[in-house]
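See below for the structure under consideration.
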Amino acid sequence: MRTKRLAALLAGALAFTAVTTGHAFAAAPTILTACDPGSSWTAWSYTHKAYVITHENDKYNNTGITRTYTITEEVETVVTAGAEATFNTSEKTNVVIGKMEVAVGLNLHYEHAHTSKSSVTSSFRIPSSDHLYIFYNGTRKAWGKWSHFHCDSAQSWHTTAYKKVKSFAGSSDGSIRCDKSTTNGLAKLAKKKYCF
């Protein structure tokens, strides 16, 4: 009986792990139908990542010559790293962020870090034209929920605690001319948000 239960647990664990880096799903791992009473399970309930623009500025150059502009990109979004825990989650926030790095495939910042709240100043050469140029600075934001489960006497899994975690990767900057296409994630977001 224990061998069958272990086999079912392993099969369920593999299936559960396969979806942890995708979209959200039910909080309790109901796929693990066989469990030993008193045992516990810890895993991601969900993880997500997205591009975020933190600074933005736009420029036209109708002077008839190529000019160098000093551009100050004002703060739009500040992304912080931290966690919100319920019950008595034993994992420290930085440990869980480290595990989220693996889950989402990004190098993340640790607790209390935040994207710059100051303006970002850069110099760019812009040719004369009627085209709108968008200048941006941004990052990849990551967030998820690290859940703890407990097997009760009826061999059912229940959520006993969780830690909602968020963080962000390194910053990137760049520019895009609004009439041009791009495959870059931050540039695509900047074009969608600011080109008109």
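Read-outs: derived from the displayed coordinates by stated rules, not from any lab. The structure displayed is predicted, hence computed values, not measured ones. Cβ coordinates were reconstructed from backbone atoms using ideal geometry, including for glycine residues, and neighbour counts include every protein chain displayed.
Structure notes:
- Looking only at region 137-164, and only at residues there that are among the polar types (S, T, N, Q) and more than 30 Å from Glu76 (Cα to Cα), the one that is surrounded by the most Cβ atoms within 10 Å (Cβ to Cβ): Ser147
Matching residues to (1) in contact with a strand residue (DSSP E or B) (Cβ under 8 Å, 6 or more places away or on another chain); (2) surrounded by fewer than 18 Cβ atoms within 10 Å (Cβ to Cβ); (3) free of Cβ contacts under 8 Å to residues at least 40 places away in the same chain:
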site: Val102; (1), (2), (3): no, yes, yes
site: Val120; (1), (2), (3): yes, no, no
site: Lys166; (1), (2), (3): yes, no, no
site: Gly170; (1), (2), (3): yes, yes, no
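- Positions within region 172-181 being in contact (Cβ under 8 Å) with a residue 40 or more places away in the chain and of a type in the set (S, T, N, Q), in sequence order: Ser175
- Each residue in region 176-196 was checked for being within 19 Å of Asp130 (Cα to Cα) and surrounded by 13 or more Cβ atoms within 10 Å (Cβ to Cβ), and 7 of them qualify.
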